[in-house]
Amino acid sequence: MKAVFEAEDAIVGIVCGLLLLGLVGKFFSLKLNDWVYVIAFIALIIFIFLDIINELSDLTTHFGVIMLSMLHNLVDLAISLAFISHFTGWNIPYVTQYLVPYLQSELMVAGIGIFLVVTNFLWLVTIPFWY
């Protein structure tokens with residue numbers, strides 16, 4: 001179950017990563033309203049859930065790829081929830097307490113942005129080899 005095509009979650013993940021890189025200004029500067037980041041990460045969460053449903057409904061792919069995809073989705077979900085909590089000030093149990101303090105460092109935010117761009121790009125590039 002995907003909204004439009006197979007790799008939409010990877011594309012949204014790359015966009016979120018680029019937004020974070022622009023926020024910290026390490027490679028380019030793009031400071032936007034906090035709600036733009038919140039909306040981007042909410043969209044990523046929606047696509048993460050669609051990807052999880054898609055993975056569970058089609059178990060014909062290699063088991064290792066499915067498990068790696070699930071792990072990647074869980075990491076992306078934790079990152080998304082942490083940034084939503086950070087930008088809105090909402091208290092999300094466990095996330096706000098354990099993950100949001102790491103987001104005070106620009107180096108950590110840049111690292112997370114690079115993680116999102118690189119890992120989602122790798123998923124995007126490897127999609128033709130899954131089938």
I'd like to verify a number: residues in the range 55-108 that are part of a loop (DSSP other than H, G, I, E, B) and without any contact (Cβ under 8 Å) to a residue 24 or more places away in the chain, how many?
10
May I ask you to say which residue of L19, L103 is more than 13 Å from the chain's Cα centre (by Cα) and at pLDDT 90 or above?
L103
Failed item, numbered, when F63 is tested on (1) modelled with pLDDT of 90 or more; (2) over 23 Å from F121 (Cβ atoms):
(1)
Got at least one residue in the range 48-59 being surrounded by 17 or more Cβ atoms within 10 Å (Cβ to Cβ), modelled with pLDDT of 90 or more and under 28 Å from L107 (Cα atoms)?
yes
Within the range 30-47, can one find any residue that is in contact with an Asp or Glu (Cβ under 9 Å, 6 or more places away or on another chain), open to solvent by less than 20 Å² (accessible area, probe 1.4 Å) and in a helix (DSSP H, G or I)?
yes
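The values are calculated or read from the model by the stated rules, or taken from the named source; none is laboratory data. Note that the structure is predicted; figures quoted are calculated from it, not measured. Using ideal geometry, Cβ is built from the backbone for each residue, glycine included, and neighbour counts are taken over all protein chains shown. Just so you know, the surface numbers come from the protein's heavy atoms only, side chains and all, with ligands and any DNA or RNA stripped out. Shrake-Rupley method; radii C 1.70, N 1.55, O 1.52, S 1.80 Å.
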